[in-house]
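Nothing in this text is a laboratory measurement; each read-out follows from the coordinates by a stated rule. The model shown is predicted, which means the values in this text are computed figures rather than measured ones. Cβ coordinates were reconstructed from backbone atoms using ideal geometry, including for glycine residues, and neighbour counts include every protein chain displayed.
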Amino acid sequence: MDLLKQKYWFDSLEFQREFHCHVPLGVFCSRYGTVFRLWAPTAEKVVLHLYDNGTNGSALESHPLVRESRGLWLFETERDLDGMYYEYDVTVDQVTRRTADPYARACGVNGMRSMVLNLRRTDPAGWKYDVSPATGPETVIYELHVKDFSWDLAGGFAPEDRGKYSALCRCGTTLNNDGEHPTGLDYLKRLGVTHIQLMPIYDYGSVDEGGPAQQYNWGYDPVNYNVPEGSYSSDPYHGEVRIRELKQAIHALHQNGFRVIMDVVYNHTFYLHSNLWRTVPWYYYRQNEDGTASNGSGCGSELASERSMCAQYILDSVLYWAREYHIDGFRFDLMGMMDVHLISRIQAALDERYGPGEKLLYGEPWAGGQCNPRPGIRLCTKDHLRELPAQVAAFCDNTRDAVKGNLMSENSTGFVNGGHFNAAYMRRCVTGWATDYDACVRAPSQTITYLSCHDDWTLWDKLVYTLSPAKKFLSKSPKVLRANRLAAAMNFCCQGYPFLLAGEEFGRTKGGVKNSYRSAPVVNQIDWTRAWDNHRLVEYYRGLIQLRSKLPCLYEKGPEAPNRVRSAVDLAPGCAGITLDNTGTGSKWDKIVLLFNTSTENRDVDLPHGDWQVLSDEKTSFRWRQNRILSGQIPLAPVSAMILGRVSQ
Ligand code: CA
């Protein structure tokens, strides 16, 4: 069949009616036997090859699969094949392709061969009783790469933990083993973030799992969607090890009070001719009008989330990670390539199983290029966020760019580094862009408020580019530190979910590198020496995190939350004040005033009537622990923020 004809056939309801298959796919083994199920509706022939290892050598045995209805292929045996590795030969239009199982849940090194595995063997001690910690008033998301976390020698990690899942299990590490300055998990606990978003932990292809430890990649290149990445494990050759070690890490994070969010990339695969493609050529991929691969990801391919078995694949994968690995939330890479219907379905399925809102969903509301979904399909871009369930959130580039300048140029500026600032624009940031005639979202529950993530310059590097002519990224420029504090205060004064790239709180630098996806680990690593050198900045973030959880006017996320903003006034050039109603919530303060001075001058501003307690100022965000009361006219330091609360009568 020619490509174009096939594209329309795959898109058709007729195809869906004939071949949509509800049977659980993949391999299931027990002492009663083993069953292999593969969905390959266009195949003429499927042959299974079994191996005793996941790396090399020829097959021990081979068996043809039997074709069932709805495109399903089956092989059953009374033997328990737990621990065996396997591949398929799938013949379509007389071309036979060797492939691993797209539904594999375990695999050998580099994901080349799939593995039959009784998953109960991978459960670590205590896993049965693993529970996610209870949530508090606020969710603060911290984006972390497994290798970054423990690569730095100064972190005090054991050599075998460096860059591995196991480092996430270790309490008690300190800076150069000094016994005094916590690093790793203890550092994170002290910081007070609540959710750890792990950058890709599914099996990706850009790092050779059997190769040297110095290799590095962020991992946005999926190979096996339902298997953990092997290079973070102590043994990538035995499929059960990576699974057990990832579960141990998640269990440790849960026990230490963190929820765990997984970064998922269901928008493209490492290469077009993936296991999905080789099993059902083209079905899982969007195509251009000439039948070639559409490239909405900018990475060479584009998954067709709207085709029913592709949607089922993605839904099953998310549910699998939630069930088998106790994942608490999902961050969808380029969510703007996926259709509104599927994301809504995923949220509904998770809500039904775990309770409303228990699993957090959010993503990037954009694509990496022109997408080509079936006509009539609505994608989760900014234009369509309002059509998603109110608990699905999206990264807010409006606030990000407003505060520090956009991503197009290193010299572009925002509120904190010399750009234009006014009360009306800040008000929109504060309400998480959920008000106004052109609101992107229905409520702050749909907004991820952030200044930096793995992409683009770190906040520190962007501020150095715009504020420090000498471009000394490692310096502790007071000017840059002041701008960083103001930026952090602004971010934590915006409704929505606060989010930060690991290390933003200590002025993390990549030496000005914008896209470090395959830079050396030393460029990307968490620099634990710097974390302690800049601990005053860390304290500023820590205080803001704690203060925010006391201010319902900021952490509430319902559609009414933006109405708490009562006024937003320009007080002087570059200087604005925003008042919020904080009543009816048991908080100590019934009104909150946010004061921002983006200018480089001192400003005298008049407080609204009443006695105001200083909660945070340019020096400390822990001011709320004292009882400093102000009224009337007060001075506002250059490039600084002040948060005040009126003590309830
Ligand atoms: Ca891999």
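Report, in whole Å, the centroid distance computed from the Cα atoms of the stretch 141-191 and the stretch 80-128.
The stretch 141-191 and the stretch 80-128 have Cα centres separated by 32 Å.
Would you mind working out the magnitude of the charge dipole of the stretch 1-75 relative to its Cα centre, with +1 at each Lys and Arg C-beta and -1 at each Asp and Glu C-beta, to the nearest 20 Debye?
Values: 8 positive and 8 negative charges, 31 e Å.
It comes to approximately 140 debye.
Tally the DSSP beta bridges in the chain and give the antiparallel ones as a percent, rounded to 5.
On the way: 70 of 97 bridges.
Around 70 percent of the beta bridges assigned by DSSP in the chain are antiparallel ones.
Quote the relative contact order of the chain in percent (integer), defining contacts as alpha-carbon pairs under 8 Å separated by 6+ residues. Present the calculation step by step, with values, prior to reporting the outcome.
Values: 1519 pairs, mean separation 67.0, N = 649.
Relative contact order for the chain comes out at 10 percent.
Nearest 0.05, what FRET efficiency do D290 and A424 give at R0 = 51 Å with Cβ-Cβ as r? Provide the component values of the computation, followed by the final result.
Values: r = 48 Å, r/R0 = 0.93.
Computed FRET efficiency for D290 and A424: 0.60.
Suppose R0 equals 30 Å. What FRET efficiency, 1/(1 + (r/R0)^6) with r the Cβ-Cβ distance, do S234 and R323 give to the nearest 0.05? Present the calculation step by step, with values, prior to reporting the outcome.
Details: r = 25 Å, r/R0 = 0.83.
Computed FRET efficiency for S234 and R323 comes out at 0.75.
Whole Å is fine, so just give me how far the alpha carbon centre of the stretch 208-285 lies from that of the stretch 527-563.
Comparing the Cα centres of the stretch 208-285 and the stretch 527-563, I get a distance of 31 Å.
Would you mind pulling out the separation of the Cα centroids of the stretch 580-649 and the stretch 339-393, in Å?
When both Cα centres are located, 38 Å separates them.
For K550, go through the lysines and keep the ones whose alpha-carbon is under 16 Å away, minus same-chain ones fewer than eight residues off.
Within the straight-line limit of under 16 Å, K550 reaches these lysines: K588, K591.
Give me the extension gain from M1 to R566: residue separation times 0.36 nm, minus the current Cα-Cα distance, reported in nm with one decimal. Don't skip to the end; give the middle numbers.
On the way: separation 565, 0.36 × 565 = 203.40 nm, distance 6.33 nm.
My answer for the length gained is 197.1 nm.
What order do you get for 609-616, 1-8 when each peptide is scored by the mean count of other beta carbon atoms within 10 Å, highest first? Present the calculation step by step, with values, prior to reporting the outcome.
Details: 609-616: 18.5, 1-8: 13.1.
Order by mean packing, descending: 609-616, 1-8.
Just rank T585, T466, T399, fewest to most, by other beta-carbon atoms within 10 angstrom.
On the way: T585 16, T466 23, T399 27.
Fewest-to-most ranking of T585, T466, T399: T585, T466, T399.
Sorted by mean Cβ packing within 10 Å, highest first, what order do the peptides 634-642, 244-252 take? The partial results should precede the final answer.
Working: 634-642: 20.2, 244-252: 23.3.
The most tightly packed comes first, giving 244-252, 634-642.
For a footprinting-style exposure proxy, rank C494, C169 by other Cβ within 10 Å, fewest first.
Values: C494 25, C169 20.
Listed from fewest to most nearby Cβ atoms, that is C169, C494.
Over the alpha carbons of the chain, what is the largest minus smallest coordinate on each principal axis, giving the biggest first in Å?
84, 57, 48
List the chymotrypsin sites (Phe, Trp or Tyr not before Pro) in the stretch 369-445 that DSSP assigns to loop (not H, G, I, E or B) and whose Cβ has at most 16 other Cβ atoms within 10 Å. Which are they? Don't skip to the answer; put the middle values down first.
Working: sites: F395, F415, F421, Y425, W433, Y437; in loops: F421, W433, Y437.
Here the chymotrypsin sites (Phe, Trp or Tyr not before Pro) that fit, given the DSSP loop and packing criteria, are Y437.
Which of the peptides 273-283, 341-351 is most tightly packed, and how do the rest follow, judged by the mean count of other Cβ atoms within 10 Å per residue?
Working: 273-283: 21.6, 341-351: 19.3.
Final packing ranking: 273-283, 341-351.
State whether the stretch 415-457 is rounded, prolate or oblate according to the following rule on the C-alpha gyration tensor (a ≥ b ≥ c being the square roots of its eigenvalues): a/c under 1.5 gives rounded; otherwise a/b larger than b/c gives prolate, and the remaining case gives oblate.
Numbers: a/c = 2.78, a/b = 1.18, b/c = 2.36.
Judged from the Cα gyration tensor, the stretch 415-457 comes out oblate (a/c at least 1.5, b/c at or above a/b).
Using unit Cβ charges (K, R positive; D, E negative) and no other charged atoms, how large, in debye to the nearest 20, is the dipole of the stretch 94-193 about its Cα centre?
Numbers: 13 positive and 12 negative charges, 157 e Å.
With only Lys, Arg, Asp and Glu charged at Cβ, the dipole is about 760 debye.
Report the local net charge at R98: Lys and Arg +1, Asp and Glu -1, summed over other residues whose C-beta lies under 12 Å from its C-beta.
That sum, taken over residues with Cβ under 12 Å, equals 0.
Say each of N177 and K479 gets a label point 7 Å from the Cα, pointing the same way as Cα to Cβ; how far apart are those two points in nm?
4.2 nm
For the chain, what does the helix formula give at 222 nm: sum of -39500 (n - 2.57) over DSSP H segments with n ≥ 4, over the residue count, nearest 500 deg cm²/dmol? Before the final figure, lay out the partial values.
Values: 16 runs with 153 residues, N = 649.
Value at 222 nm, helices only, nearest 500: -7000 deg cm²/dmol.
The stretch 549-649: which trypsin sites (Lys or Arg not before Pro) are DSSP loop and have at most 16 other beta-carbon atoms within 10 angstrom?
Working: sites: K550, K557, R564, R566, K588, K591, R603, K619, R623, R625, R628, R646; in loops: K550, K557, K588, K619, R628.
Those satisfying the criteria are K588, K619, R628.
So if each residue of separation counts as 0.36 nm, and I subtract the Cα-Cα distance between D52 and R518, what length gain in nm does that give?
Values: separation 466, 0.36 × 466 = 167.76 nm, distance 3.36 nm.
The span from D52 to R518 would gain 164.4 nm if fully extended.
Report the net charge of residues surrounding R374, where surrounding means a beta-carbon distance below 13 angstrom and charges are Lys +1, Arg +1, Asp -1, Glu -1. Could you put the intermediate results ahead of the total?
Details: positive: K7, R286, R307, R378; negative: D11, E289, E302, E306, D339.
Local net charge: -1.
Taking Cα pairs under 8 Å and at least six residues apart, what relative contact order does the stretch 1-126 come out at, in percent? Let's see the in-between values first.
Details: 249 pairs, mean separation 32.0, N = 126.
Across the stretch 1-126, relative contact order equals 25 percent.
On full extension of the chain, what length is gained from K45 through K471, given 0.36 nm per residue of separation minus the C-alpha to C-alpha distance? Intermediate results must be reported in sequence, preceding the final value.
Details: separation 426, 0.36 × 426 = 153.36 nm, distance 6.14 nm.
Working it through step by step, the gained length comes to 147.2 nm.
With the crude spin-label approximation of a point 7 Å out along Cα→Cβ, what separation in nm comes out for V23 versus H273?
Inter-label distance under the simple model: 2.9 nm.
Based only on other Cβ atoms within 10 Å, what is the fewest-to-most ordering of D152, D383, D80?
Details: D152 21, D383 12, D80 15.
Lowest count first: D383, D80, D152.
Indicate the helices, whole DSSP H runs only, in the chain that combine a mean Kyte-Doolittle hydropathy of 0.0 or more with a Cα extent along their long axis of 24 angstrom or more. Intermediate results must be reported in sequence, preceding the final value.
Numbers: long enough: 239-255 (25 Å, -0.55); 308-325 (25 Å, 0.16).
Correct list, ordered by number: 308-325.
Between V464, F415, S475, whose Cα lies farthest towards the positive end of the dipole of the stretch 414-523 when Lys and Arg beta carbons carry +1 and Asp and Glu beta carbons carry -1, centred on the Cα centre?
The residue sitting most towards the positive pole is S475.
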